[in-house]
Amino acid sequence: MVKIKKDVAILCQYFYPEHVSSATLPTELALGLKEKGLDVSVICGYPQEYIDGKEPNLSIKEDLKGVTINRVKYTTFNSKSKFGRIFNFFSLFMSMTTKFFYLKNFKEIIVYSNPPILPLIPYALKKIFGTNFIFVAFDVYPDNALKMDGIKENGFIHRLMNFINKRVYSNASEVVLLGNEMKDYVIENKIAVKESNLKVIPNWFSNEHALENKEVTNRQFKEIKSKYQFIVLYSGNMGSFQDIETILKGILRFKNHKNICFIFSGHGNKAEYVKEFFQSNEVLNSEVFGFLKGQDYVDILSIADLCLVSLESGIEGLGVPSKTYGYLAAAKPVLAIMSSQTDISRDLIEFECGVNIQQDDIEGFELSINNYYENSSLKLKHSMNARKLYKSKYTKEINIEKYYELIKI
C-alpha cells in the first residue's frame with residue numbers, strides 16, 4: 001500500500017508564540033497556506049528567546065488552527081556571543097535531524113535561511129527521496145558575516161557555507177529572495193548556479209488589522225505626541241547592517257528644535273550606542289525605547305509623522321529591511337538611507353511616498369526632514385501614497401499567494 005504524502009512542511013528556528021518577524025512571518029505563511037486548503041506541518045525550535053515570560057506549559061507538539069507544530073529543543077547559550085550562537089545553530093540542526101524520516105512524508109518542504117546550515121536537511125531529502133524544497137533566504141550568508149568581519153575569509157565557517165550554498169541554491173525547486181537587489185547580488189556573485197529558480201517575494205507587515213484602531217493607548221506616547229508637533233521614528237534592529245551614524249549626525253542639526261522629536265525603538269548591538277550618543281550630546285528632544293510589540297508598536301507608529309530606514313554602504317543585496325512594510329502599512333512617509341538601486345528606494349520615488357538619500361548625506365537628511373515638517377500637504381500626500389504602495393505590493397495576502405503558486409503538489 002502506497003502511503004499518501006502530506007502537502008507541506010515548514011522548517012524554521014522561530015515560530016509561534018515567539019514575536020519577532022522571523023517567527024511571525026513563517027507562522028502567518030503556515031496559517032495562510034492552511035487556509036488555502038493545504039495540509040501544513042511545522043518543525044521549529046522550542047520557544048525560548050522571544051516570548052512573554054516563561055511558557056511552562058508549552059507543548060512539544062501543538063495544533064494551531066489546523067497547522068501541526070512539532071518543536072525541538074536545543075541549547076540556549078548566549079546568542080550575543082559568537083561561539084554561543086554557532087553552538088546553538090549546530091544544536092538546533094542536530095535536533096532537527098531527528099525529524100528526517102518524518103519529513104520524507106511531505107511533498108514539499110519550505111526551509112528558511114536561519115540558521116544557515118538548516119537547509120542541508122531538505123537538500124539531503126531531495127537527494128535521497130526526491131523531495132522538493134523551497135529555500136527562503138532572509139539574508140545572504142556567509143557574505144553578510146564577511147562584510148561585518150563576523151567570520152574569517154576562507155575560514156572553516158566560510159568554506160562550510162560556500163559548500164552548503166552551492167548545493168542548496170542549485171537543488172531547491174525555488175529560491176525565494178526578499179528583493180530584486182538580493183537577486184542581482186546572488187547572480188553577480190555566482191552564489192546561484194542557475195537563475196531560473198530565483199523568485200522575489202518580499203516580506204509583509206504582520207499586524208495590519210491592529211492599525212485600524214487609531215486611538216493611542218500608551219500614556220507615555222500620548223504625552224510625547226502632545227509635546228511635539230513632528231515626530232521622526234526609527235524602529236527595529238539597530239545592528240551592524242544599519243547606518244545609524246548618518247541618522248545621529250543628522251539629528252544633531254535638530255538638537256535644539258523644540259517642535260521635533262526623534263524616537264528610536266528596537267534592539268541590536270548599536271542600541272546602547274544610540275542612548276549614549278543622545279546623553280553625551282545632550283539631545284533632549286529624543287527618546288529611546290526597547291523592542292516594542294503589539295499595541296505599543298502600533299501606538300508608536302500612530303504618533304510618528306516620518307519614519308526612517310537605513311543600510312550601511314555595501315550591504316544592499318545582502319538583505320532587505322522589512323521594517324519598511326510596517327511604516328507603509330501605517331501610511332507613513334519614509335526617509336531611506338541606502339543605495340538608490342534597492343526596491344525600497346525605487347518604490348519610494350515611483351509612488352511618491354518618501355525620499356532616498358545616500359549614506360553620510362547629512363545635508364540631505366536635514367533638508368528632507370525640514371521639507372516634511374514645513375509642508376503639511378506634502379506629508380499628507382506622501383502618507384496616502386505610502387498606504388497605496390503597501391496595498392499594491394506588500395500585503396500578507398498578496399505575498400502568501402505568491403508562495404502558494406510556487407508549491408508543487
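The values are calculated or read from the model by the stated rules, or taken from the named source; none is laboratory data. Small disclaimer: the values here were computed from a predicted structure and weren't measured. In this analysis, Cβ positions are derived from the backbone assuming ideal geometry, glycine residues included, and neighbour counts consider all displayed protein chains. These accessible areas exclude ligands, DNA and RNA; they are computed on the full protein's heavy atoms, side chains included. Shrake-Rupley method; radii C 1.70, N 1.55, O 1.52, S 1.80 Å.
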Query raised in the report: Which loop trypsin sites (Lys or Arg not before Pro) in region 23-105, with loop taken from DSSP, have no more than 11 other Cβ atoms within 10 angstrom of their Cβ?
Result: 54, 65, 80
Requested in this report: Could you tally the net charge around residue 30, taking each other residue with its Cβ under 14 Å from the Cβ of residue 30, Lys/Arg +1 and Asp/Glu -1?
Outcome: -2
Requested in this report: Round to the nearest 10 and report in Å² the accessible area of residue 387, as given by a 1.4 Å probe over the protein chains' heavy atoms.
Outcome: 80 Å²
Requested in this report: Keeping all protein chains in place, calculate the accessible area per residue for region 276-409 (probe 1.4 angstrom), answer in Å².
Outcome: 41 Å²
Requested in this report: Choose one of 38, 92, 20: the residue whose Cα lies farthest towards the positive end of the charge dipole of region 1-97 (beta-carbon charges +1 Lys, Arg; -1 Asp, Glu; about the Cα centre).
Outcome: 92
**Report entry** Residue order for 93, 133, 87 - accessible surface, 1.4 angstrom probe, largest first
**Finding:** 87, 93, 133
Requested in this report: Using packing as a proxy for protection, rank 172-185, 345-358 so that the peptide with the highest average count of other Cβ atoms within 10 Å comes first.
Outcome: 172-185, 345-358
Query raised in the report: By accessible area of protein heavy atoms, probe 1.4 Å, what ranking do 16, 327 get, highest first?
Result: 16, 327
Report summary line: From highest to lowest solvent-accessible area (probe 1.4 Å; ligands, DNA and RNA excluded), 143, 63 read 63, 143
Report summary line: Listed by chain and number, the lysines with an alpha carbon less than 26 angstrom from that of residue 222, same-chain partners under 8 positions apart left out, are 214, 255, 258, 275, 293, 323, 332, 379, 381
**Report entry** Protein accessible area in the chain, 1.4 Å probe - carbon and sulfur %
**Finding:** 51 percent
Query raised in the report: Given a 1.4 Å probe and the protein chains all in place, what does the accessible area of residue 245 round to, in Å² to the nearest 10?
Result: 70 Å²
Query - Lysine pairs within region 26-124, Cα separation less than 24 Å, 8 or more sequence positions apart or different chains - result: 24
Report task. Could you pull out every residue, at least 5 positions away or on a different chain, whose amide H is within less than 5 Å of the one on residue 264? Hs are placed 1.01 Å off N in the peptide plane, and Pro or chain starts have none. Result -> 234, 287, 288, 289
Query raised in the report: Just the accessible area per residue of region 4-163, please: how many Å² with a 1.4 Å probe?
Result: 46 Å²
Query - Size of charge dipole - region 144-276 - debye, nearest 20, with Cβ of Lys, Arg +1 and Asp, Glu -1, no other charges - result: 300 debye
Report task. Mind listing the long-range amide H neighbours of residue 322? Cut-off is under 5 Å, sequence gap 5 or more, other chains count too, H placed in the peptide plane at 1.01 Å from N. Result -> none
Query raised in the report: Taking the Cβ of residue 308 as the center, what net charge do the other residues with Cβ under 12 Å away carry, scoring Lys and Arg +1 and Asp and Glu -1?
Result: 0
Query - Check: region 25-184 dipole with +1 on Lys, Arg Cβ and -1 on Asp, Glu Cβ, in debye - result: 600 debye
Requested in this report: Roll a 1.4 Å probe over the protein heavy atoms and report the accessible area of residue 90 in Å², nearest 10.
Outcome: 80 Å²
Query - Equivalent ellipsoid semi-axes, region 29-157, via Cα gyration tensor eigenvalues times 5, rooted, Å - result: 26, 20, 14
Query raised in the report: Kirkwood hydrodynamic radius of the chain from all distinct Cα pairs, in Å?
Result: 22.3 Å
**Report entry** Size of electric dipole in the chain: Cβ of Lys, Arg +1 and of Asp, Glu -1, about Cα centre, debye, nearest 20
**Finding:** 1420 debye
